[in-house]
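Engineer: Okay, handing you the structure first.
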Amino acid sequence: MEAAEDIFYDLYNLLNDDDEYDVVCGDVGSAGSRIARRKCRGRFELEGISDEQQRRLEFGLLPHRNQAEILRKKGIVLDKMESIANEHEEFREALFDLTRISRDFEAATKER
């Protein structure tokens with residue numbers, strides 16, 4: 001599953017014309033748990049988190065994330081992916097592979 005995600009997002013990032021909308025995958029911890037989970041997020045979202053954490057450290061402010069802006073930019077990522085899929089067969093095939101592997105992974109997880 002992770003290999004399919006890496007192939008898909010690496011190809012997307014290569015074909016995408018704006019680094020702000022690149023997608024980065026990595027392990028992320030959650031509050032109250034030592035188990036890290038893999039998440040893929042837009043670079044704009046990661047930079048927003050970094051800015052937020054920096055403000056909190058410097059000024060003791062509670063984090064405030066502009067969810068509407070994040071959702072708007074996620075929509076742009078989806079639009080870019082659709083456009084790239086229409087133009088590049090290799091990307092389209094990577095999308096099909098990721099979709100199939102993801103579906104199989106979820107089915108196997110439910111069986112356990």
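Values quoted throughout were computed directly from the atomic coordinates according to the rules given, and no laboratory measurement underlies them. Just so it is clear, the structure is predicted and the values come from calculations on it, not from any experiment. Cβ: placed from backbone, ideal geometry, glycine included. Neighbour counts: every protein chain shown.
Engineer: Please give me the summed charge of the neighbours of residue 38: other residues whose Cβ is under 9 Å from its Cβ, Lys and Arg +1, Asp and Glu -1. Don't skip to the answer; put the middle values down first.
Structural biologist: Details: positive: 37, 39; negative: 2, 5, 27.
In short, -1.
Engineer: Here's another thing I want to ask about it. Please give me the summed charge of the neighbours of residue 110: other residues whose Cβ is under 15 Å from its Cβ, Lys and Arg +1, Asp and Glu -1. Intermediate values should be presented prior to the final figure.
Structural biologist: On the way: positive: 103, 112; negative: 104, 106, 111.
Around residue 110, the surrounding residues sum to -1.
Engineer: Something else: Give, as a single signed number, the net charge of other residues whose beta carbon lies under 14 Å from the beta carbon of residue 86, with Lys and Arg counted +1 and Asp and Glu -1.
Structural biologist: On the way: positive: 80, 92; negative: 79, 82, 87, 89, 90, 93.
Net charge in that neighbourhood comes out at -4.
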